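What follows is a short report on a single structure.
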Amino acid sequence: MTTDRSKPRILVARAVFPDIIDRLSRHFAVEHNQGDAPWGPAELAVRLADKDGALTTGSERIDAALLAAAPRLKIVANMAVGYNNFDVDALAARGVVGTNTPDVLTETTADFGFALLLATARRITESEHYLRAGAWKRWRYDMFAGAEVHGSTLGILGMGRIGQGIARRGAHGFGMDVVYHNRSRLGPELEAACRARYVGTDELLATADHLVLVLPYSAASHHAIGAAELAKMKPTATLVNIARGGIVDDAALAAALRAGRIAAAGLDVFAGEPEVHPELLALKNVVLTPHIASATVATRRAMANLAADNLIAFFEGRGALTPVNAVRGA
Ligand code: 8YV
């Protein structure tokens, strides 16, 4: 914490690489949370009361009530590409700039989406638990026999940068037929680069052997995959969610997995995380990871630096680098 009042005052809401704090401190009076204490909305409101800017993560909800408690706030830099933790209308109403961290995490997150697909389809964690439990006594012809990945049909719901990265990996690396659905269809050049075919949601659900969710969370995508959608999938299909919890109805998914309506799921995100639906925890045919799709050292550093770059550029009067809304100026 510092009391230098000549510089803009910044709150860094969660622990971050120490050199990012050093870097920010050259430009700003920084209050940080390197102990990573769990600051709830009330504590956050108190700490933002005298701040000009904030560096947040997906864990901090920035809404009208919080903004009302932060009259000086001009910019909130999210260390995430997703910004469903922002109430964008409330930010616009107050003239506060929101920024995110696109591009720097695209390939890393696509790598992880593919890793989760492979682990789920090929039953890697389930078989490892079996081995560690001492249950492996002899080979058997159908032991942990999973679903084929190469040459199968990869379905992608949400075809932004990360979805395209997964499509390229599937098409070029694993010889998969790629089908996708998105709010808007890609141009012919991008479709060719991804070797992906645009389909409606019913065809996507019915044809995918492996369906990966990479769409942003919004009221419109809440429970985009529920009981009705799961019923349209192949009983042999794998579902992977690296987007946001809440896009999948976790209770409906647990029921479908238990009943064999679909074969398996790989989930990196959960409604109400870090809580996980207890029925998902009890199932063997689901691979569960704690929201780590962007978690490589290099990528997390790039995300933190881009969030810092946004704050620095904004307060130097150059404008935010990656704004998510149209508010401008320092
Ligand atoms: C973040 C993410 O790690 O970028 C995103 O949208 O989901 C992750 O990369 C997480 O949101 C923490 O900010």
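The numbers here are math on the coordinates, done by the rules we state, and not lab data. Quick caveat, the model's predicted, so the values are computed rather than measured. In this analysis, Cβ positions are derived from the backbone assuming ideal geometry, glycine residues included, and neighbour counts consider all displayed protein chains.
Remarks
- Inter-label distance, nm, simple model (7 Å from Cα along the C-beta direction), Asp142/Ala220: 4.4 nm
- Reach of Lys137 by Cα under 23 Å, taken over lysines that are not fewer than 8 positions away in the same chain: Lys284
- Near Leu186: Cβ cut-off under 15 Å, other residues only, Lys/Arg at +1 and Asp/Glu at -1. The net charge is +4.
- The ellipsoid equivalent to the alpha-carbon distribution of segment 1-123 has semi-axes of 29, 18, 13 angstrom, derived from the gyration tensor eigenvalues as √(5λ) and listed largest first.
- Extension gain from Leu190 to Ala282, taking 0.36 nm per residue of separation minus the Cα-Cα distance: 29.1 nm
- Amide H to amide H, with H built 1.01 Å from N, Met233 comes under 5 Å of no residue 5 or more places away or on another chain.
- At an R0 of 41 angstrom, the distance between the Cβ atoms of Arg197 and Asp89 translates into a FRET efficiency of 0.70.
- Net charge of neighbours whose Cβ lies under 11 Å from the Cβ of Leu48, counting Lys and Arg as +1 and Asp and Glu as -1: -1
- Sum of side-chain charges, Ala13 neighbourhood, beta-carbon under 15 Å (Lys, Arg +1; Asp, Glu -1): -2
- Among beta bridges from DSSP that stay inside the chain, the antiparallel ones total about 5%.
- Centre-to-centre separation between the Cα atoms of segment 230-246 and those of segment 10-71: 35 Å.
- Length available on full extension from Ala68 to Ala45: 0.36 nm per residue minus the Cα-Cα distance, which gives 7.4 nm.
- Taking amide H atoms as placed 1.01 Å from N in the peptide plane, the amide H of Ile62 lies under 5 Å from those of Phe86, Asp87, each 5 or more residues away in sequence or on another chain.
- Note that segment 42-55 has calculated 3J(HN,Hα) couplings of 5, 5, 4, 4, 4, 6, 8, 4, 10, 9, 8, x, 8, 10 Hz, one per residue in order, obtained from phi through the Karplus relation 6.51 cos²θ - 1.76 cosθ + 1.60 (θ = phi - 60°); glycine and proline are x.
- Shape analysis of segment 232-330 places it in the prolate category; the axes a ≥ b ≥ c from the Cα gyration tensor give an a/c of at least 1.5, with a/b above b/c.
- Those trypsin sites (Lys or Arg not before Pro) in segment 208-290 that DSSP places in a loop and that have at most 16 other beta carbons within 10 Å: Lys284
- Residues Arg140, Arg94, ranked from the fewest to the most other C-beta atoms within 10 Å, line up as Arg140, Arg94.
- Using alpha-carbon coordinates, inclination of helix 297-315 to the longest axis of the chain, degrees: 30 degrees
- Value at 222 nm in deg cm²/dmol, rounded to 500, when DSSP H runs of n ≥ 4 in the chain each add -39,500 (n - 2.57): -9500 deg cm²/dmol
- Summarising the amide proton neighbourhood of Val12: residues at separation of 5 or more, or on other chains, whose placed amide H is nearer than 5 Å comprise Glu31, His32, Asn33, Leu55.
- For Lys232, the aspartates and glutamates whose Cα comes closer than 17 Å to its Cα, not counting residues fewer than 8 places off in the same chain, are Asp202, Glu203, Asp209, Asp249, Asp250.
- Simple spin-label estimate for Arg318 and Glu275 gives 4.3 nm between the two label positions (7 Å along the Cα-to-Cβ direction from each Cα).
- Derived scalar couplings ³J(HN,Hα) [segment 60-76; Karplus, 6.51 cos²θ - 1.76 cosθ + 1.60; whole Hz; x for Gly, Pro]: 9, 7, 9, 10, 4, 5, 5, 5, 5, 8, 10, x, 8, 4, 10, 8, 10
- Shown here: the chain, whose C-alpha atoms stretch 71, 50, 33 Å along the first, second and third principal axes, sorted largest to smallest.
- Lysines with Cα under 27 Å of Lys51, excluding same-chain neighbours fewer than 8 positions away: Lys7, Lys74
- Computed about the Cα centre, the dipole magnitude for the chain is approximately 340 debye when only Lys and Arg (+1) and Asp and Glu (-1) carry charge, each at its Cβ.
- Counting every other Cβ atom within 10 Å of each residue's Cβ, Glu229, Glu126, Glu316 order from fewest to most as Glu316, Glu126, Glu229.
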